[in-house]
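The structure under discussion appears below in the form of structure tokens.
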Amino acid sequence: MPQVAWMMGSDSDYPKLEAGFKALKELGISVEGRVLSAHRTPDATREFVAKCEAGGTKVFICAAGMAAHLAGAVAAHSSRPVIGIPVDSGALKGLDALLSTAQMPPGVPVATVGIDGAVNAAVLAAQIIGTGDDAVAKKVVEWRASQTAKVLEKDKRLAEKLKG
Ligand code: RP5
């Protein structure tokens, strides 16, 4: 089984998540993506979580919009870390999903990133895995360094523009 199992409530969520899948790839983390829903496919969700747990998956990432209970439902069925991504879909623009994902009862945490925060979810998953895997921890440091270089490059570009 993959190191990260990444569920999303619908394939319509995927465009908001694509950059996170790319980041996981750059970080050398294996991932399986699935469309599963707390409300619309509860049995299949539970079965997938059990299969991942048995197969050694380290972290779950769950993305959903509206009444986003996917991350919470997965956390209820797993003792592994669950990262929740509230997705901006529907009339309330992700605020509904943010509150539904973050506000868990005591003892069943979901590490919630910001609305559409797929890249942060990927990096956080790598950081969690990196606590027990030096190669992954090293990749995270390298990834962060490349991000720093990119921002410094933007700074240089702006300085050039303002000069001219
Ligand atoms: C949520 O409803 C999904 O996560 C998605 O954000 C939203 C709309 O789903 P679809 O109607 O596109 O399947 O459960």
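The values are calculated or read from the model by the stated rules, or taken from the named source; none is laboratory data. Nothing here was measured: the structure is a model prediction, and the numbers come from that model. Methodologically, a virtual Cβ is constructed for each residue, glycine included, from the backbone with ideal geometry; neighbour enumeration extends over all protein chains shown. The area values use the complete protein model at the heavy-atom level, side chains included, leaving out ligands, DNA and RNA. Shrake-Rupley method; radii C 1.70, N 1.55, O 1.52, S 1.80 Å.
Key figures
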| quantity | calculated |
| --- | --- |
| Protein accessible area in the chain, 1.4 Å probe - carbon and sulfur % | 58 |
| Highest-MSF residue in the chain out of Lys154, Lys25, Lys139 [GNM, Cα springs under 10 Å] | Lys154 |
| Sorted largest first, extent of region 4-163 alpha carbons per principal axis (Å) | 59, 41, 29 |
| 10 Å-binned pair-distance histogram of region 70-164 (Cα, whole percent) | 15, 30, 27, 20, 6, 1 |
| For region 91-164 versus region 1-48, the gap between their alpha-carbon centres in whole angstrom | 17 |
| Above-threshold pairs, the threshold being 18 Å between Cα atoms, out of Lys22/Lys154; Lys16/Lys93; Lys22/Lys150; Lys22/Lys51; Lys25/Lys58 | Lys22/Lys154; Lys22/Lys51 |
| Expected 222 nm ellipticity per residue - DSSP helices of 4 or more, -39500 (n - 2.57), all of the chain, to 500 | -17000 deg cm²/dmol |
| Residue with peak Gaussian network fluctuation, the chain [Cα springs, cutoff 10 Å], from Glu26, Glu153, Glu18 | Glu153 |
| Residue list for region 11-39, given a label point 7 angstrom along the Cα-to-Cβ vector of Ala76 and an amide N cut-off under 18 Å | 36-39 |
